[in-house]
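Notes follow once the structure below has been shown.
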Amino acid sequence: MSSERPINPRFAEDVHFNLVRQGPPKYNFWTDKPVRYFTVVDKEGGAPLGYVWGSDEDDAATWVPREAAGGRALAETGHWHARLQDAKERGLLPSQALEEMLSNPEGNRGRALPGSLTDAPNADAVKALAKTK
């Protein structure tokens, strides 16, 4: 009996990768360029739940839940992400998506705060705002 282990012949075969469809188009989730954002407030009490930001320069936009708002903010995540994805699929620029959301402000537990659209130097500034208490 030989002490050598047999070599699997498949180790010598070429590896082939098949590309799969990429899925729905999405905005980028980060930018170091200036962004515009608005505040989403809780329908019960008006406390800030989070922020939706966008930047046309990098085709970037996303929802940032406010940490202090806890579960209510996290529960809004799916709603605002779905609206952004829908806007991207229709070919809207991030700024157009933000304007559309402000014109139809209702979310699940929150709503876009009228008149809250403002500027920030980049996405990290909005994320830092979401971490404040």
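The values are calculated or read from the model by the stated rules, or taken from the named source; none is laboratory data. Source: prediction; values computed, not measured. Side chains included, ligands, DNA and RNA excluded: accessible areas come from the protein's heavy atoms. Shrake-Rupley method; radii C 1.70, N 1.55, O 1.52, S 1.80 Å.
Things to note:
- Rounded Å value of the spacing that divides the Cα centres of region 25-49 and region 60-124: 4
- Per residue accessible area in Å² of the chain, where ligands, DNA and RNA are left out and the probe is 1.4 Å: 65
- Residue-level accessible surface for residue 129, protein heavy atoms, 1.4 Å, Å²: 60
- 222 nm mean residue ellipticity, helices alone, for the chain (DSSP H n ≥ 4; -39,500 (n - 2.57); rounded to 500): -9500 deg cm²/dmol
- Rolling a 1.4 Å probe over the protein heavy atoms leaves residue 55 with an accessible area of roughly 0 Å².
- Nearest-ten-degree value, helix 70-89 long axis tilted from longest Cα axis of the chain: 80
- Normalised by 2.2 N^0.38 Å, where N is the number of residues, the alpha-carbon radius of gyration of the chain equals 1.55.
- Long-range HN-HN contacts of residue 32 with modeled amide H, under 5 Å: none
- The candidates 86, 59, arranged from most to least accessible area with a 1.4 Å probe in the full protein assembly, appear as 86, 59.
- With contacts taken as Cα pairs under 8 Å at a separation of at least 6 residues, the chain carries a relative contact order of 31 percent.
- Region 9-108 - percent of accessible surface contributed by carbon and sulfur, probe 1.4 Å: 52
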